[in-house]
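First the structure, in the form of structure tokens, and then the observations on it.
The numbers here are math on the coordinates, done by the rules we state, and not lab data. Remember, predicted model here, so these are calculated numbers, not experimental data. So basically every Cβ, Gly included, is an ideal-geometry build from the backbone, and we count neighbours across all protein chains shown.
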Amino acid sequence: MNLLGVHALVWAGDWTEPSARFAIESTREVGFDLIELALLDPAATDVAMTKRLLADNGLAVTCSLGLDQDTDVSSEDPTVVARGRDRLAAALEVAHGIGATHLCGVLYSALRKYSQPASPRSRENSRAAMAWLAEQTSAAGVTLALEVVNRYETNIANTAAEMLAYIDESGADIALHLDSYHMNIEENGLVEPVQQAGPRLGYLHIGESHRGYLGTGNVDFRSLFAAVRDSGYAGPVTFESFSSAVVHPSLSNVLGVWRNLWEDSRDLAAHAHAFMAEGLAPR
């Protein structure tokens, strides 16, 4: 059975101790196995506090992040690339410190809309950074998985096939991170990317087309869940949803979270847990 997880931003927009306690305890109470913590500012994460709360509640944890323009490892500016590597190293240090099993997300470029295709130099800088990061995560015992996102959030790779080719070019042992929200925008369907990934699938985000309640948008979850079951994928499956009811000071703006798609985090999360558990149950 897959470990079922929920993104921390379903519960709280910051990571102070009261917010972390609420997010972690709520995740456990709803029935999830793990919580995904966004490490956009690794220095702001209290490692000891987070590790203690996770242990107290018996939860597994994964970590994700997206780089910004000042830390973009796909930049042609070596100073920006160096800052990006420092940010990734800091995120890995936190992830390892709190016992995270995975480090995933948009680690290979900035999480933003680019005005032109990536240049050969940009792609090479990005690939080199990911090969370097793969060495660091391997030494730390953390699985590295690169998330495939849509054309409005990166210019490096927007489909599973493109990301697999990019990983091959890096020459590193890196897993694929798929997300139903982005797959619904860019792929021919939701079955093909799972089949293309095969055993290289290392992380899966479940999100609706409008990022709200599962089953109320146009994502074909029936086909996706069947493909995941058939593939034998046994890794984490994490629910990701955003609403203006919970605001992160930077990520909410980057992702364009303007609408109030939900207000009751617990009801949303409980619905998602039941939806995912039923969809992934063996047939």
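Lys and Arg at +1, Asp and Glu at -1: add these up for the other residues within a Cβ distance under 12 Å of Pro236 and post the number.
-3
Bin width 10 Å, alpha-carbon pairs only: give the P(r) of segment 114-161 as whole percents, running from 0 to the bin holding the largest distance.
24, 45, 27, 4
Indicate, rounded to the nearest 5 percent, the antiparallel portion of the DSSP beta bridges found entirely in the chain.
Beta bridges within the chain, antiparallel portion: roughly 0 percent.
Which of Tyr152, Tyr108, Tyr166 ends up with the largest GNM mean-square fluctuation for the chain, with Cα atoms connected below 10 Å?
Tyr152
Taking Rg and Dmax of the Cα atoms in Å as the quantity of interest, determine which of (i) 17.4, 52; (ii) 21.1, 68; (iii) 21.5, 72 was computed from the displayed structure.
(i)
Which length gain, in nm to one decimal place, applies between Asp77 and Ala270 when the Cα-Cα distance is subtracted from 0.36 nm times their residue separation?
Between Asp77 and Ala270, full extension yields an extra 65.0 nm.
Given Cα positions, please report Rg to Rh for segment 144-194, the hydrodynamic radius being the Kirkwood one.
With Rh from the inverse mean 1/r over Cα pairs, Rg/Rh is 0.94.
Placing +1 at every Lys and Arg Cβ and -1 at every Asp and Glu Cβ, with all other atoms neutral, what dipole size does segment 173-225 have around its Cα centre, in debye to the nearest 20?
Dipole about the Cα centre, nearest 20: 140 debye.
To the nearest 20 debye, what charge dipole does segment 31-186 have about its Cα centre, counting +1 at the Cβ of each Lys and Arg and -1 at the Cβ of each Asp and Glu?
For this selection, approximately 120 debye.
Which order do Val219, Val194 fall in if you start with the one that has the fewest other Cβ atoms within 10 Å?
Val219, Val194
So for the pair Ala140, Glu278, with labels modelled 7 Å out along Cα→Cβ, what separation do we get in nm?
Using points 7 Å along Cα→Cβ, the separation is 3.8 nm.
Report the residue, chosen from Ile174, Ile185, Ile35, that carries the largest GNM mean-square fluctuation when the chain is represented by alpha-carbon nodes joined by springs under 10 Å.
Ile185
Pick from Pro120, Pro236, Pro199: which residue has the top mean-square fluctuation in a GNM of the chain where Cα pairs under 10 Å get a spring?
With Cα springs under 10 Å in the chain, the top fluctuation among Pro120, Pro236, Pro199 is at Pro120.
With r as the distance between the Cβ atoms of Asp46 and Asp70 and R0 = 25 Å, compute the FRET efficiency 1/(1 + (r/R0)^6) and round to 0.05.
0.60
Say each of Ala234 and Glu186 gets a label point 7 Å from the Cα, pointing the same way as Cα to Cβ; how far apart are those two points in nm?
Modelled inter-label distance: 2.9 nm.
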